[in-house]
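Chemist: First, the structure itself, so that you have it in front of you.
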Amino acid sequence: RGGSTETGQALKYILHKGFPGGRNSSVPEVLIIISDGKSQGSTAMPAMQVKERHITVFAVGIKFPRWEELQVLASEPPERHLLFAGDAEDAANGLYSTLSDPVCTATAPGCKVESHPCERRTLETVKELAGSYVCWKGSKQPNAVQASLCPFTRWKRVLIKHPSRCFRTVCPDPCDSQPCQNGGTCVPEGLDRYHCLCLLGYGGDIHCAAKLSLECGVDLLFLMDSSAGVTLEGFLRFKAFLKRFLQAMVGQDSPVSVGVAQYDDNVKVPIELGQHKDTLSLMRSIDALNFSGGRTLTGRALQYIAQHGFRSSPVFAGVQDDLPRVVVLLTDSKSQDSVAEAAKYVKDQNIFLIGIGSSFMRAELTMVTGNPQQTIVYSDPQDLFNRMPELQRKICSVGNPEGCQAQSLDLAFAVDASSGVGLENFLRLRHFVRSSCLHFIINRDVTQIALVTYGSKAHTVFALDTHTSSSAVLQAIDQVPFLGDSASAGSALLHVHRDVMTVQKGARPGVNKVLVLLTNGGGMQDAAAPAQQLRHNGILVFVVVIGDTDRDTLLRVAGSPSYLVHISSYEDLQYYQGLIIERICEEARSPVNLCKPNPCMNQGVCILGPGSYRCQCHGWEGPHCESRVLRGDSPRSPALPPRSHVQWSPRGLQHLSRALQHSKR
């Protein structure tokens, strides 16, 4: 409205008129004064009278108010009732936060308004010395005028800082209590809700409990190192891991018999195999285990366990137990005796060994187990607990054939053979592909394997339908050359989409399809789009990257963290083979869309039916539009006669292969 700033007059008006529309005296009365300047009249007396009427006064200064005047206006204590704001919108937000606690109690349940030190600034006019200038003095006395130096002052507007206290509304984060277990990530949803992103192998409930269980029948004995080398802290960590693992994995009806032994200079078996039939009593016995702290004699402990650890329990005395026998060695200290001969003796007794320890124990654990796939290493104490699903898989793989067994699968490897990888590391990648193929039954009905190498361009080493036996595949892998130019993962994925995972190149309709990309992370910039195209066509892209690379780019290519394996060095690649094969085989067991990728050739349209599909052809004919319609023949569309379709089954796939080969002739 303009005019002068008469804050005192406004307060007198409030005192005279009161609060228009006021309901009753029990309702709190709050006066908010918002001002951006100095009042022309006195405010001290009206302000005091307002406060005597028990009216709560909030003084809000906009931009550059007068600090002293606001202090006079505001109620006590001033740090709760005196506010500054850059503009009116800031003032409204600050008032909402501040008023919610002392007046309206409008904060959400569990939230509170708290103060914190801050700094207020006001624009003040101050007098400063500008300098000294020549001036004349003594004019009132005759003949006494003389020159002199006189100080000269000027007025200046400056920002003055005032220590103060500000207020904010603080609400507890629902993730503060760390509700997600087993390495799960808590994602808040509002003030009181959250959800957990669980690691692979967990998700049994909303808090990432282990969803795995030991449903395989084994005699399982844990051999715990309690020597001075692991320290008391390490021993307690092993106990905690053992309790959490058995609580999560062993149920009341589990077919697993569990025992626990510990060793240092001596070996003892405080929990005999099958001694406890319920989890509660087993947990109590584990709690009773004590740290001993002697020498680390792992070799002697292994020999003793092989001889005495698997004696039949009294209930089953005289009954031959033909279940697989498994020893899980938990150690974090290098043995002070020889382990090689003892480990050989254990394996000669048909006992399966699994070793668990920190990363610096990797070499000794591999020597004990005889196979890097039977060792589990952790990078830090918390990482030990993240290895529970891996231990479960290794225990239940005893006595079972590896790989995907009789599950049909079309599997392709795309291997980076660029100069960024180098010849030595390329040979490691080639060996990894070769050893991985040993885990699969390779023929037309079960697993078909293709291999692609790439640098700046992609090359098909052999297609899905090239080799029908393991020996032929392994021989072909041994002959794969190193390319040595720049890398383009995008061109390799595009090549797989167009020239590998197609019916023309041996891909089978109704069979799950997986591509494993082995790379050092170079040349990935153009790979996201073709990877998405592969996934759209029902082909899983599994990315295995070695070395330091940009994780965001890799995630766009893999499509999900579940399909991305990041390995620090080529030497460590062998230790991840079991995990990668397990993930591939999980996909082989998932449902299949018979029309992805499209089995129809020459722009034929795939039409799904119940448990079947058919190809609608234009200018072509045959079950998959593989034969051109000759002149004089009437084109048939759809390609199959009425009520005819391609039925998916192993035999049907064999018939399809012969039909295609016949049509090619």
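Chemist: Yes or no: Ser379 farther than 19 Å from Val256 by Cβ, surrounded by fewer than 17 Cβ atoms within 10 Å (Cβ to Cβ) and touching a strand residue (DSSP E or B) at 6+ places or on another chain (Cβ under 7 Å)? Even if it seems obvious, please write down each step before you answer.
Modeler: Values: farther than 19 Å from Val256 by Cβ: yes; surrounded by fewer than 17 Cβ atoms within 10 Å (Cβ to Cβ): yes; touching a strand residue (DSSP E or B) at 6+ places or on another chain (Cβ under 7 Å): no.
Answer is no for this residue.
Chemist: Limited to segment 572-610, what total is found for residues that are within 19 Å of Ile354 (Cα to Cα) and more than 36 Å from the chain's Cα centre (by Cα)? Outline the logic, then answer.
Modeler: First pass over segment 572-610, keeping only residues within 19 Å of Ile354 (Cα to Cα): 572-582.
Keeping just the survivors that are more than 36 Å from the chain's Cα centre (by Cα) gives none.
Here the count works out to 0.
Chemist: Given (1) modelled with pLDDT of 90 or more; (2) in contact with an Asp or Glu (Cβ under 8 Å, 6 or more places away or on another chain); (3) assigned to a loop (DSSP other than H, G, I, E, B); (4) not hydroxyl-bearing (Ser, Thr, Tyr), where does Pro255 come up short, assuming only one miss?
Modeler: Result: Pro255 passes all but (1).
Chemist: For the structure I just gave you, tell me whether Val541 is buried (at least 21 other Cβ atoms within 10 Å of the Cβ), at pLDDT 90 or above and either over 21 Å from the mean Cα position of the chain (by Cα) or acidic (Asp, Glu) (or both).
Modeler: Working: buried (at least 21 other Cβ atoms within 10 Å of the Cβ): yes; at pLDDT 90 or above: yes; either over 21 Å from the mean Cα position of the chain (by Cα) or acidic (Asp, Glu) (or both): no.
So Val541 fails the test.
Chemist: Another question, if that's okay. Somewhere in segment 261-268, is a residue part of a helix (DSSP H, G or I), out of contact with any Pro (no Cβ under 9 Å at 6 or more places or on another chain) and in the same structural domain as Lys334 (by TED's automatic domain parsing)?
Modeler: Just the residues of segment 261-268 that are part of a helix (DSSP H, G or I), to begin with: none.
The answer is no; no qualifying residue exists.
Chemist: While we're here: In segment 48-66, what residues are out of contact with any Asp or Glu (no Cβ under 9 Å at 6 or more places or on another chain) and of a type in the set (A, V, I, L, M)? Give the derivation first.
Modeler: In the first step, residues of segment 48-66 are kept if they are out of contact with any Asp or Glu (no Cβ under 9 Å at 6 or more places or on another chain); the result is 48-50, 52, 57-58, 60.
The answer is Met48, Val50, Val57, Val60.
Chemist: In the list Val514, Val473, Val461, Val480, which residue meets the criterion of being part of a loop (DSSP other than H, G, I, E, B) and touching a helix residue (DSSP H, G or I) at 6+ places or on another chain (Cβ under 7 Å)?
Modeler: Numbers: Val514 fails: part of a loop (DSSP other than H, G, I, E, B); Val473 fails: part of a loop (DSSP other than H, G, I, E, B); Val461 fails: part of a loop (DSSP other than H, G, I, E, B).
Going through Val514, Val473, Val461, Val480 in turn, the sole match is Val480.
Chemist: Quick check on my filter: what residues within segment 232-271 are within 21 Å of Ile305 (Cα to Cα) and free of Cβ contacts under 8 Å to residues at least 12 places away in the same chain?
Modeler: Selection gives Lys268 alone.
Chemist: Another one. Would you mind stating whether His467 is within 13 Å of Leu411 (Cα to Cα), at pLDDT 90 or above and part of a loop (DSSP other than H, G, I, E, B)? Break it down stepwise before answering.
Modeler: Numbers: within 13 Å of Leu411 (Cα to Cα): yes; at pLDDT 90 or above: yes; part of a loop (DSSP other than H, G, I, E, B): yes.
In short, yes.
Chemist: May I ask you to verify whether Ala92 is modelled with pLDDT under 75, within 57 Å of the chain's Cα centre (by Cα) and surrounded by fewer than 19 Cβ atoms within 10 Å (Cβ to Cβ)? Let's see the steps before the verdict.
Modeler: Details: modelled with pLDDT under 75: yes; within 57 Å of the chain's Cα centre (by Cα): yes; surrounded by fewer than 19 Cβ atoms within 10 Å (Cβ to Cβ): yes.
Spelling it out, Ala92 is indeed modelled with pLDDT under 75, within 57 Å of the chain's Cα centre (by Cα) and surrounded by fewer than 19 Cβ atoms within 10 Å (Cβ to Cβ).
Chemist: Could you check Ile376 against (1) over 18 Å from Ala301 (Cα atoms); (2) in a helix (DSSP H, G or I) and say which number it fails?
Modeler: Going through (1) over 18 Å from Ala301 (Cα atoms); (2) in a helix (DSSP H, G or I) one by one, Ile376 breaks only (2).
Chemist: Yes or no: Leu302 part of a loop (DSSP other than H, G, I, E, B) and either in the same structural domain as Gln382 (by TED's automatic domain parsing) or surrounded by 21 or more Cβ atoms within 10 Å (Cβ to Cβ) (or both)?
Modeler: Details: part of a loop (DSSP other than H, G, I, E, B): no; either in the same structural domain as Gln382 (by TED's automatic domain parsing) or surrounded by 21 or more Cβ atoms within 10 Å (Cβ to Cβ) (or both): yes.
Against the criterion (part of a loop (DSSP other than H, G, I, E, B) and either in the same structural domain as Gln382 (by TED's automatic domain parsing) or surrounded by 21 or more Cβ atoms within 10 Å (Cβ to Cβ) (or both)), Leu302 does not qualify.
Chemist: Across segment 269-299, what is the number of residues that are under 24 Å from Thr231 (Cα atoms) and in a loop (DSSP other than H, G, I, E, B)?
Modeler: Result for segment 269-299: 10.
Chemist: Now for a different question. Is there any pair linking a residue in segment 464-491 that is in contact (Cβ under 8 Å) with a residue 40 or more places away in the chain to one that is in a loop (DSSP other than H, G, I, E, B) and charged (D, E, K, R), with Cβ under 6 Å and at least six apart or on different chains, and which?
Modeler: Partner pairs satisfying both residue conditions: Gly490/Asp526.
Chemist: Kindly list the number of the only condition in (1) modelled with pLDDT under 75; (2) outside any loop (DSSP other than H, G, I, E, B); (3) under 26 Å from Ile160 (Cβ atoms) that fails for Pro65.
Modeler: Result: Pro65 fails condition (2) only.
Chemist: A further question follows. Scan segment 265-277 for residues that are more than 20 Å from Leu323 (Cα to Cα) and either of a type in the set (Gly, Ala, Ser) or surrounded by fewer than 18 Cβ atoms within 10 Å (Cβ to Cβ) (or both) and jot them down.
Modeler: Asp265, Asn266, Lys268, Pro270
Residues checked against (1) surrounded by 18 or more Cβ atoms within 10 Å (Cβ to Cβ); (2) outside the structural domain of Asn371 (by TED's automatic domain parsing); (3) in contact (Cβ under 8 Å) with a residue 60 or more places away in the chain; (4) in contact with a strand residue (DSSP E or B) (Cβ under 6 Å, 6 or more places away or on another chain):
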residue	(1), (2), (3), (4)
Gly547	no, yes, no, no
Ser560	no, yes, no, no
His566	no, yes, no, yes
Gln574	no, yes, yes, no
Gly609	no, yes, no, no
Gln616	no, yes, no, yes
Glu621	yes, yes, no, yes
Cys625	yes, yes, no, yes
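Chemist: Scan segment 225-236 and tell me whether some residue there is under 19 Å from Cys396 (Cβ atoms), within 35 Å of the chain's Cα centre (by Cα) and either modelled with pLDDT of 90 or more or buried (at least 21 other Cβ atoms within 10 Å of the Cβ) (or both). I'd like the intermediate steps shown before the answer.
Modeler: Residues of segment 225-236 that are under 19 Å from Cys396 (Cβ atoms), as a first pass: none.
Within segment 225-236, not a single residue is under 19 Å from Cys396 (Cβ atoms), within 35 Å of the chain's Cα centre (by Cα) and either modelled with pLDDT of 90 or more or buried (at least 21 other Cβ atoms within 10 Å of the Cβ) (or both).
Chemist: Among the residues of segment 474-507, count how many are aromatic (Phe, Trp, Tyr) and modelled with pLDDT under 90. I'd like the intermediate steps shown before the answer.
Modeler: Step one: filter segment 474-507 for residues aromatic (Phe, Trp, Tyr), giving 482.
Filter once more, so that each one left must be modelled with pLDDT under 90: none.
Number of matching residues: 0.
The values are calculated or read from the model by the stated rules, or taken from the named source; none is laboratory data. Here the structure is a predicted model, which is why all the values come from computation and not from measurement. All Cβ positions, even for glycine, are placed from backbone atoms using ideal geometry, and neighbour counts span all protein chains on display.
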